[in-house]
Amino acid sequence: MSEYQVNDNGYYGNFGGAYIPEMLYPNVEELRQQYLAIIQSGDFQREFDRLLRDYVGRPSPLYPAARLSERYGANIFLKREDLNHTGAHKINNTIGQILLAERLGKKRIIAETGAGQHGVATATVCALKGLQCVVYMGAIDIERQAPNVARMKMMGAEVVAANSGSKTLKDATNEALRDWINNPVDTHYIIGSVVGPHPYPDMVARFQSVISAETRKQLLEKTGRETPNYAVACVGGGSNAAGMFYHFLDEPSVKLVAVEAAGRGIHSGESAATTVLGREGVLHGSRSILMQTADGQVIEPYSISAGLDYPGIGPQHAWLHKTGRATYAAITDDEAMQAGLLLTRLEGIIPAIESAHALAQLEKMAFKGDENVVVCLSGRGDKDLDNYMKYFGF
Amino acid sequence: MNRINQLFADKGDRRILSIYFTAGYPTLESTLDIAEALEKAGVDFLEIGFPYSDPVADGPVIQHSSEVALHNGMTLHVLFEQLKELRKRVSIPVLLMGYVNPVLQYGVENFCESCRAVGVDGVIVPDLPMYEFEEHYQSVFEANGLSNIFLVTPQTSEERIRKIDGLSTGFIYLLSSSATTGKNLSVSESTTAYFSRVRAVGLKNPTVIGFGISDHETFVRATEYAEGAIVGSAFVRLLGEADYREKIPQFIHQLRG
Ligand SMILES: Cc1ncc(COP(=O)(O)O)c(C=O)c1O
């Protein structure tokens, strides 16, 4: 058992657990008791693998980015999660969870979404399986992310505006949890990242672990070694990073780099750099690191990328941070936007602004010649074109 | 024996009425005035909510009161300052109710000691799991003579109800349905079957029904199946009215009937 994986009590070191009101206990307990048996069953694995291959389009390529490599003096590989159906890594998780929900006999699916990527990925699998779908989205995000709202509606999902609090991702998550409390029997909540009460962080990480499982094979083919010197990924809640790190956690030779959003600057008051600005606390059912006042009220984060502006990180990340197993860096809006443009101009790939944060970290790393670096390109930039256009004044 | 145990031991035929309200709402300084007015009006015990930015178990009314209270500057430190006067003005049992994160930041031990110092008798923290409580906090609660109140819903298994009963020291909080606060209680056959099922378990603790009790009728229905009932959102809604002070006695009078 890896010291970086969840223990029998649902904890990563002192982080994790299931801090939930009694109303959620039966559902979360049912999941806890059944998730491993279900996802390890042959029947589940066959359908999961088949859908990832035939529907999502996996394995996603590991692309050796020649011009980026030349610029940074290292062998840069991009793990192309942007090429997945619906345009991001989020679908790996929603495919897994919809198969699980089906096997638990659930009839109704709820989800939260910030940028809309997870909402779209959830609406997609609900269409695929013919299940009812309700997506909670902050009223402000509904305005900011109109194309994704339209995609969800076209898939048949009901998009409900979260009008409480700051009307963004954190509040959408609160509304989804309230829905689950009020619908305790037939509903499954598909959480979009490695957050929430145990077993969600572990379950979502397992579904996303396909990213590093494939990367190992692809690296072996391309470099003769299964492991890179570095694995780099952005962190909102931390699911693409958890997937990218998963099969490297117990390989001390692999340096893990997680990149948070610094917004307008870590100490500008408009930031989402949780590991720098946060303290230990409980949000959305788990003990982790979160941005909060001295009184324990959650602080609203800011990032130009809607997918990174979450006040916490998953409990596994809190533990990787605390143990020093992974390094947590922060990238500003400006650095991310420049990195997004750079990738577009050097490689002809428009990244999601979230993923551009991971790319921007390359500027700050010093490489020793022949090192191999894998960057998780978690999503494509189509949803962000408006933002890019405005920022660069195209 | 703390005030909660005393209340239930001495109650006789009385149907116990508890009122929930949010500290610092509608104004920062209103907390103790409201508590005092409720005791005068004949309420049996109080639940004073300390506000949290992300109250996932609450419906719109209590969410709103929490937002206003935070905006007014309510924090646990401010609340404990205010409560230094509590036992000069209020003699009925008082519980604090809120979410776990503010308690963790205040420090669980500090929190329990502050409760004892100001004369708080019990605590309801819905998102503090039984496992954590047993493992880490039970001894601190006991050392400070605090009752920790657990929730039971229609979906709670009998085995778990027994476990909760074993850990409880004041009363058990029965939710009328699995719901966020502020929904109206509809006493259907399945609700009464659930209340009866809990009764049949033979609990050592008294039970109090909450969530959805808003008027005389629902209060009476609930107290047919439990020792008492708790009114939250309906009272917090009253606090949103400009002349709430004058209306408190009448509100309580109508509830009791
Ligand atoms: C493309 C992309 N990358 C990253 C994220 C951040 O999520 P996580 O940290 O869970 O990977 C999002 C979230 O919406 C996203 O859409």
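The values are calculated or read from the model by the stated rules, or taken from the named source; none is laboratory data. Nothing here was measured: the structure is a model prediction, and the numbers come from that model. So basically every Cβ, Gly included, is an ideal-geometry build from the backbone, and we count neighbours across all protein chains shown. What goes into the accessible areas is simple: the full protein's heavy atoms, side chains included, and nothing from ligands, DNA or RNA. Shrake-Rupley method; radii C 1.70, N 1.55, O 1.52, S 1.80 Å.
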- nm² value of the averaged projected area, convex hull over the Cα atoms of the range B:122-257: 9.1
- Message: Counting just the Cα atoms, what span does the range B:94-154 cover along each of its three principal axes? Round to the nearest Å and put the largest first.
- Response: 36, 22, 20
- Task: Label the range A:306-345 by shape, choosing from rounded, prolate and oblate, from the square roots a ≥ b ≥ c of the eigenvalues of the Cα gyration tensor; if a/c is under 1.5 it is rounded, and otherwise prolate applies when a/b is larger than b/c, oblate when it is not.
- Result: prolate
- Message: Please state the shape class of chain B: rounded when a/c is under 1.5, otherwise prolate if a/b exceeds b/c and oblate if not, all from the C-alpha gyration tensor.
- Response: rounded
- Query: How big, in percent, is the set of alpha carbon pairs in the range B:1-129 lying more than 22 Å apart?
  - Reply: 33
- Item | Karplus 3J(HN,Hα) series, Hz, for the range A:367-382 with 6.51 cos²θ - 1.76 cosθ + 1.60 (x for Gly, Pro) | 9, 9, x, 8, 6, 9, 10, 9, 10, 7, 8, 5, x, 8, x, 3
- Query: Using a cut-off of 12 Å between alpha-carbon atoms, which aspartates and glutamates can reach B:LYS163, once sequence neighbours fewer than 8 places away in the same chain are excluded?
  - Reply: B:GLU134
- Task: Could you provide, to the nearest whole Å², the per residue accessible area of the range B:15-256 with probe 1.4 Å?
- Result: 37
- Query: Which value, in Å², gives the accessible area per residue of the range A:264-384 when a 1.4 Å probe is used on the protein heavy atoms?
  - Reply: 32
- Tell me, what are the semi-axes, in whole angstrom and largest first, of the equivalent ellipsoid of the range A:29-146 as set by the roots of 5 times the Cα gyration tensor eigenvalues? 30, 21, 12
- Taking every other residue with Cβ under 13 Å from the Cβ of A:PHE394 and scoring Lys and Arg +1, Asp and Glu -1, one gets 0
- Using a 1.4 Å probe over the heavy atoms of the protein chains, calculate the carbon and sulfur portion of the accessible area of the range B:170-211 as a whole percent. 49
- Out-of-range pairs (alpha-carbon distance over 20 Å; input B:LYS84/B:LYS247; B:LYS40/B:LYS247; A:LYS79/A:LYS170; A:LYS90/A:LYS170; A:LYS90/A:LYS222): B:LYS84/B:LYS247; A:LYS79/A:LYS170; A:LYS90/A:LYS222
- Task: Hand me the GluC sites (Glu not before Pro) from the range B:1-45 located in a DSSP loop with no more than 15 other Cβ atoms within 10 Å, in residue order please.
- Result: B:GLU29
- Message: Suppose a student asked you for the relative contact order of the range B:15-256, using Cα pairs under 8 Å spaced at least 6 residues apart; what percent would you report?
- Response: 23
- Message: Compute the orientation-averaged projected area for the range B:18-79 from the convex hull of its Cα atoms and round it to one decimal in nm².
- Response: 4.1
- Rounded if a/c under 1.5, otherwise prolate or oblate - the protein assembly as shown, Cα gyration tensor axes: prolate
- Message: List the lysines whose Cα sits under 17 Å from the Cα of A:LYS364, skipping any in the same chain fewer than 8 residues away.
- Response: A:LYS255
- Item | Accessible area buried between chains A and B, both sides summed, probe 1.4 Å, in Å² to nearest 100 | 2800
- Message: If DNA, RNA and ligands are ignored and the probe is 1.4 Å, what is the ranking of A:ILE181, B:ILE92 by accessible area, most exposed first?
- Response: B:ILE92, A:ILE181
- List the aspartates and glutamates whose Cα lies under 16 Å from the Cα of B:LYS183, skipping any in the same chain that are fewer than 8 positions away. A:GLU175, A:ASP179, B:ASP58, B:ASP215, B:GLU217
- Could you work out the helix-only [θ] at 222 nm for chain B, with each DSSP H run of four or more residues adding -39,500 (n - 2.57) and the total divided by the number of residues, to the nearest 500 deg cm²/dmol? -13000 deg cm²/dmol
- Message: Under 5 Å between amide hydrogens, which residues at least 5 positions from A:LEU283 or on another chain qualify, with H placed 1.01 Å from N in the peptide plane?
- Response: A:SER288
- Note: the range A:318-381, point scatterers on Cα, Debye, no solvent; log10 I/I(0) at q = 0.14, 0.15, 0.26, 0.27 Å⁻¹ equals -0.46, -0.52, -1.13, -1.16
